[in-house]
Amino acid sequence: MAIQHIKSGKPEEARAEDDAKVRATVEGILKDIEERGDAAVRALSAKFDNYSPASFRLTASEIEAAMQQVSTRDMEDIRFAQNQIRRFAEAQRASMTDIEVETLPGVILGHRNLPVQSVGCYVPGGKFPMVASAHMSVLTASVAGVPRIVAAAPPVNGAPHPAIVAAMQLGGAHEIYVLGGIQAVGAMAIGTETMEPVHMLVGPGNAYVAEAKRQLYGRVGIDLFAGPTETMVIADDTVDAELCATDLLGQAEHGYNSPSCLITNSKKLAEETLSEVDRILAILPTAETARISWRDYGDVILCDTYDEMLQVANDMAYEHVQVMTDRDDWFLQNMQSYGALFLGPRTNVANGDKVIGTNHTLPTRKAGRYTGGLWVGKFLKTHSYQKVTTDEAATLIGEYGSRLCVLEGFVGHAEQCNIRVRRYGGKNVPYGVAAE
């Protein structure tokens with residue numbers, strides 16, 4: 001029996017058409033922000049969010065007022081989540097050490113891990129105000145030592161969202177703006193009369209925000225190219241259909257185009273999961289969104305063997321991969337392309353999204369083949385340096401360098417080496433000739 005697609009979503013061609021519709025809109029808006037600055041940002045905010053305050057940046061007293069609206073329990077929960085995320089980010093940061101080695105006598109090479117100097121953190125707040133995204137970006141940048149952290153989130157019901165503001169402030173944001181969508185990431189990257197541009201943009205967002213980040217990449221750094229949330233469940237008959245269906249629909253509610261996929265070697269589990277999805281959709285409060293996502297972007301793939309399951313999973317390279325089998329650690333050892341793994345039935349993607357401590361900004365659309373997700377290291381740049389401390393080393397390296405430069409025809413390069421050979425080695429190397 002070959003790999004069978006028991007249920008399939010939209011073909012790739014149709015998905016590509018959806019993407020193309022966003023591109024021109026974003027390009028025009030970014031051009032408008034570049035040309036008109038604050039005026040464009042204000043007009044866009046009024047148009048899309050019906051929000052046009054005297055200043056989009058919150059003052060210290062406005063931040064305090066917003067935080068006062070957060071209940072004690074919610075504030076405790078935010079602090080708990082941030083403590084978990086901080087602890088893991090600090091451990092990750094500690095794993096990245098500066099190095100210095102003497103590769104030859106008198107030749108010293110090293111690198112330093114330096115934080116990006118300014119970061120713009122976007123926190124979505126449309127259909128779902130994603131408080132957790134503030135932890136993931138702002139707090140992680142703070143642990144990395146970024147000296148200027150700008151955070152932006154759209155207004156919710158015409159005002160700053162109190163819990164998002166609290167999470168930004170507690171996470172370590174230096175500037176907080178109530179600004180959404182393309183106008184937020186565009187203003188942070190391009191800069192306006194009232195906002196200094198940043199060096200890097202991070203954080204999830206809708207298709208327009210993702211496309212804006214893509215178009216701004218190069219002008220600024222970005223964390224990754226992010227598409228809609230994806231979730232994959234790899235399961236065998238050690239778990240039941242209710243667990244599988246719950247984990248699939250738990251992410252499908254994100255938006256109308258959030259792919260979710262079950263990969264299994266159990267036909268019984270595949271069929272029962274399809275039935276269970278229908279049962280849950282009848283009672284799920286967010287079913288309006290999840291149903292369309294499942295209809296258009298849901299897949300159920302039946303495999304013969306665990307090796308086939310692994311092959312399909314690596315090929316699809318989904319963002320979230322929930323593994324519930326009799327060999328979870330085998331998948332951990334052999335999975336190569338994914339955003340994050342969630343191993344065992346006690347683990348779930350929602351915990352990773354909100355509280356457990358790992359970062360939820362993860363690669364989608366097969367980007368897991370070449371990058372991991374947002375983490376403290378994304379905010380650090382590894383810069384090398386070198387120094388030569390003895391005349392003997394300057395001469396030795398200079399001689400090799402001279403000959404290798406001439407080999408490539410770079411005479412001016414060779415002279416940079418030759419002058420050191422003459423000056424520190426006392427050797428008479430003719431101008432523009434390779435050292436002997």
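Can you report the number of residues in segment 370-392 which are out of contact with any Gly (no Cβ under 6 Å at 6 or more places or on another chain), part of a loop (DSSP other than H, G, I, E, B) and open to solvent by 80 Å² or more (accessible area, probe 1.4 Å)?
Number satisfying all stated conditions: 2.
Quick check on segment 81-103: of everything there that is exposed (fewer than 11 other Cβ atoms within 10 Å of the Cβ) and of a type in the set (A, V, I, L, M, F, W, C), which residue is nearest to ALA159 (Cα to Cα)?
Applying the filter and picking the extreme gives ALA94.
Residues checked against (1) basic (Lys, Arg); (2) farther than 18 Å from ALA317 by Cβ; (3) outside any loop (DSSP other than H, G, I, E, B):
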{"position": "GLN333", "(1), (2), (3)": "no, no, yes"}
{"position": "SER337", "(1), (2), (3)": "no, no, no"}
{"position": "ASN351", "(1), (2), (3)": "no, yes, yes"}
{"position": "ARG365", "(1), (2), (3)": "yes, no, no"}
{"position": "ALA394", "(1), (2), (3)": "no, yes, yes"}
{"position": "GLY409", "(1), (2), (3)": "no, yes, no"}
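Of the residues PRO160, PRO154, only one is at pLDDT 95 or above, in contact with a strand residue (DSSP E or B) (Cβ under 6 Å, 6 or more places away or on another chain) and either crowded, with 23+ Cβ neighbours inside 10 Å or under 16 Å from THR361 (Cα atoms) (or both); which? I'd like the intermediate steps shown before the answer.
Numbers: PRO154 fails: in contact with a strand residue (DSSP E or B) (Cβ under 6 Å, 6 or more places away or on another chain).
Going through PRO160, PRO154 in turn, just one is at pLDDT 95 or above, in contact with a strand residue (DSSP E or B) (Cβ under 6 Å, 6 or more places away or on another chain) and either crowded, with 23+ Cβ neighbours inside 10 Å or under 16 Å from THR361 (Cα atoms) (or both): PRO160.
Please tell me if PRO124 is assigned to a loop (DSSP other than H, G, I, E, B), open to solvent by 30 Å² or more (accessible area, probe 1.4 Å), in contact with a helix residue (DSSP H, G or I) (Cβ under 7 Å, 6 or more places away or on another chain) and not β-branched (Val, Ile, Thr).
On the way: assigned to a loop (DSSP other than H, G, I, E, B): yes; open to solvent by 30 Å² or more (accessible area, probe 1.4 Å): no; in contact with a helix residue (DSSP H, G or I) (Cβ under 7 Å, 6 or more places away or on another chain): yes; not β-branched (Val, Ile, Thr): yes.
Against the criterion (assigned to a loop (DSSP other than H, G, I, E, B), open to solvent by 30 Å² or more (accessible area, probe 1.4 Å), in contact with a helix residue (DSSP H, G or I) (Cβ under 7 Å, 6 or more places away or on another chain) and not β-branched (Val, Ile, Thr)), PRO124 does not qualify.
From the list ALA367, ALA350, which residue is hydrophobic (A, V, I, L, M, F, W, C), open to solvent by 20 Å² or more (accessible area, probe 1.4 Å) and under 27 Å from VAL202 (Cβ atoms)? Full working, then the answer.
Details: ALA367 fails: open to solvent by 20 Å² or more (accessible area, probe 1.4 Å).
After ruling out the rest, the residue left standing is ALA350.
Kindly provide the set of residues from segment 206-236 that are closer than 23 Å to VAL146 by Cα, open to solvent by 10 Å² or more (accessible area, probe 1.4 Å) and in a helix (DSSP H, G or I), ordered by number.
ALA210, ARG214
Check whether at least one residue in segment 263-279 is open to solvent by less than 60 Å² (accessible area, probe 1.4 Å), free of Cβ contacts under 8 Å to residues at least 60 places away in the same chain, under 30 Å from LEU114 (Cα atoms) and of a type in the set (A, V, I, L, M), and report yes or no. If you could, list the steps in order and put the result at the bottom.
Here is the first cut: in segment 263-279, the ones open to solvent by less than 60 Å² (accessible area, probe 1.4 Å) are 263-266, 269-270, 273-274, 276-277.
Then keep just the ones that are free of Cβ contacts under 8 Å to residues at least 60 places away in the same chain; that gives 263-266, 269, 273, 276-277.
Right, trim to under 30 Å from LEU114 (Cα atoms) and you get none.
No: zero hits.
Against the condition among the β-branched types (Val, Ile, Thr) and either in contact with a Leu (Cβ under 6 Å, 6 or more places away or on another chain) or surrounded by fewer than 18 Cβ atoms within 10 Å (Cβ to Cβ) (or both), how does ILE33 come out, does it pass?
no
Filter segment 45-74 down to residues that are assigned to a helix (DSSP H, G or I) and open to solvent by 50 Å² or more (accessible area, probe 1.4 Å), then give me how many there are.
First, pick out the residues of segment 45-74 that are assigned to a helix (DSSP H, G or I): 45-49, 60-68, 72-74.
Now restrict to residues that are open to solvent by 50 Å² or more (accessible area, probe 1.4 Å): 47-48, 60-62, 64-65, 68, 72-74.
Result for segment 45-74: 11.
Given the conditions (1) open to solvent by 40 Å² or more (accessible area, probe 1.4 Å); (2) at pLDDT 95 or above, and given that ALA24 satisfies all but one, which numbered condition is not satisfied?
Failed condition: (2).
Which of the following residues is touching a His at 6+ places or on another chain (Cβ under 8 Å) and open to solvent by less than 60 Å² (accessible area, probe 1.4 Å): VAL143, VAL116, VAL178?
Numbers: VAL143 fails: touching a His at 6+ places or on another chain (Cβ under 8 Å); VAL178 fails: touching a His at 6+ places or on another chain (Cβ under 8 Å).
After applying the criteria, what remains is VAL116.
Search segment 312-331 for residues that are modelled with pLDDT of 95 or more and open to solvent by 20 Å² or more (accessible area, probe 1.4 Å) and pair each with any residue that is small (Gly, Ala, Ser) and assigned to a loop (DSSP other than H, G, I, E, B) when their beta-carbon atoms are under 7 Å apart and the residues are at least 6 apart or on different chains.
Close Cβ pairs (under 7 Å, with a partner that is small (Gly, Ala, Ser) and assigned to a loop (DSSP other than H, G, I, E, B)) amount to ASN314/SER337; ASP328/GLY344.
The values are calculated or read from the model by the stated rules, or taken from the named source; none is laboratory data. Treat the numbers as computed from the prediction; the structure is a model and nothing was measured. Using ideal geometry, Cβ is built from the backbone for each residue, glycine included, and neighbour counts are taken over all protein chains shown. The area values use the complete protein model at the heavy-atom level, side chains included, leaving out ligands, DNA and RNA. Shrake-Rupley method; radii C 1.70, N 1.55, O 1.52, S 1.80 Å.
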